[in-house]
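Quick note: the coordinates plus some simple rules give every number you see, no bench work behind them. All values reported here derive from a predicted model rather than from experimental measurement. Note: ideal-geometry Cβ built from the backbone for every residue, glycine included; neighbour counts use all protein chains shown.
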Amino acid sequence: MRLHTVYFSAKGTTKICADFISEALQMETRTYDWLKQPCAQSIEISSDEALLFAMPVYGGFIPERCVQMAKNLKGSHTPAILAAVYGNRHYDNALLQMKDLLTAQGFCVIAAGAFLAEHSIFPAVAAGRPDAKDKEAMAEFAAKCRGLLAERGIFQGMEIQLPGDPAYDPAAYKGVALKPDGDETCVSCKACVEICPQGAISADAPRKTDDSACISCGACIKVCPTGARNYHGEAYQGAGVQFAKKCAAYREPEMYYISKSM
Ligand SMILES: Cc1cc2nc3c(=O)[nH]c(=O)nc-3n(C[C@H](O)[C@H](O)[C@H](O)COP(=O)(O)O)c2cc1C
Ligand code: SF4
Ligand code: SF4
């Protein structure tokens, strides 16, 4: 049985989780990196294969660009496993949104996990996560998924129950006001220009950001070799202190499975 692993990971933590779960599933795997290679074509995944769909949480949803790309995934009663990776605030409606999206594309969601990772805008929040305990949870999640995949057919016609508000409205999320830019240590290498999924950085002026296009994903910060690209200014510092206080408590991963008793 082949696994198709799809992720979008600007700062790398969603990739860490997707890779960890994929490996623990112990299946032949084909990987799709939607940051480096945006999905422009239909991906058909048959009923005797499986999908692992791993997404970061932005404002309680998955990134809008991934919602659009997910419409290229075509299942045929294909089992799907969800992983929502979030920065210790909450994942809100992200798992429910992922389930609804994939169900509409012909998948049957058999398991879903909300996993913790360093916050990509405020890295002091959930710093160092996923940690060893998170990896234990992901290993347990993968083991249970393997069991479910081995029982394929038994869950036909059943539906996984996931938390979230059924009346969720992704359009209500307008993004965050904070946008990164480059400072005087920029050496014009253009790495940020190349990686930006939104085309928000021009090659002529890589220190600047087109705020109207930027989704604050942080990919440019991750690739910048000098540290020039980052969030700057007092508003950012102040927001960071407030946010760290609000999100100080250690949150545990949460995992859900399709139920045989339904
Ligand atoms: C624009 C934006 C919005 C975010 N919204 C949330 C959120 O609603 N809840 C949360 O807990 N974390 C939130 N985060 C943090 C990310 O979900 C988290 O850092 C995730 O690990 C990022 O994945 P990546 O490292 O693959 O980019 C947000 C991050 C960004 C960039
Ligand atoms: S400019 Fe904005 S959208 Fe582009 S990589 Fe940086 S944070 Fe992401
Ligand atoms: S990646 Fe950093 S150093 Fe390179 S052009 Fe962008 S801001 Fe400048």
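Using C-alpha pairs below 8 Å separated by at least 6 residues, the relative contact order for segment 191-246 is 29 percent. Dipole size of the chain about its Cα centre, with +1 on Lys/Arg Cβ and -1 on Asp/Glu Cβ: approximately 80 debye, rounded to the nearest 20. You can think of it this way: the chain between Thr185 and Asp211 has 7.3 nm of extra reach, that is 0.36 nm per residue less the Cα-Cα gap. Sparsely packed loop sites in segment 144-201 (the GluC sites (Glu not before Pro) outside DSSP H, G, I, E and B with at most 16 other Cβ atoms within 10 Å) comprise Glu151, Glu159, Glu184. Label point 7 Å out from Tyr173 along Cα-to-Cβ: which residues of segment 23-54 have amide N under 17 Å? Output list for this probe position: 34-35, 53-54. Over segment 101-153, Cα pairs under 8 Å with separation of 6+ residues give a relative contact order of 26 percent. Placing +1 on each Lys and Arg Cβ and -1 on each Asp and Glu Cβ, with no other charges, gives segment 191-246 a dipole about its Cα centre of roughly 280 debye. With contacts taken as Cα pairs under 8 Å and at least 6 residues apart, the chain reaches a relative contact order of 19 percent. Of the residues Ala239, Ser216, Val193, the one whose Cα sits farthest toward the positive end of the charge dipole of segment 191-246, with +1 on the Cβ of Lys and Arg and -1 on the Cβ of Asp and Glu, is Ala239. May I ask you to list the residues of segment 198-239 whose amide nitrogen lies under 16 Å from a point 7 Å from Cα along the Cα→beta-carbon direction of Ala124? Only 231-239 pass the distance filter.
Each peptide in 212-220, 233-241, 85-93 receives the mean, over its residues, of other Cβ atoms within 10 Å, and ordering these scores from highest gives 85-93, 212-220, 233-241. Counting 0.36 nm for each residue step from Gln26 to Ser47 and taking away their Cα separation leaves a gain of 5.7 nm. Round to the nearest 10 and give me the degree value, 0 to 90, for the angle of helix 234-246's Cα axis relative to the longest principal axis of the chain. It works out to around 30 degrees.
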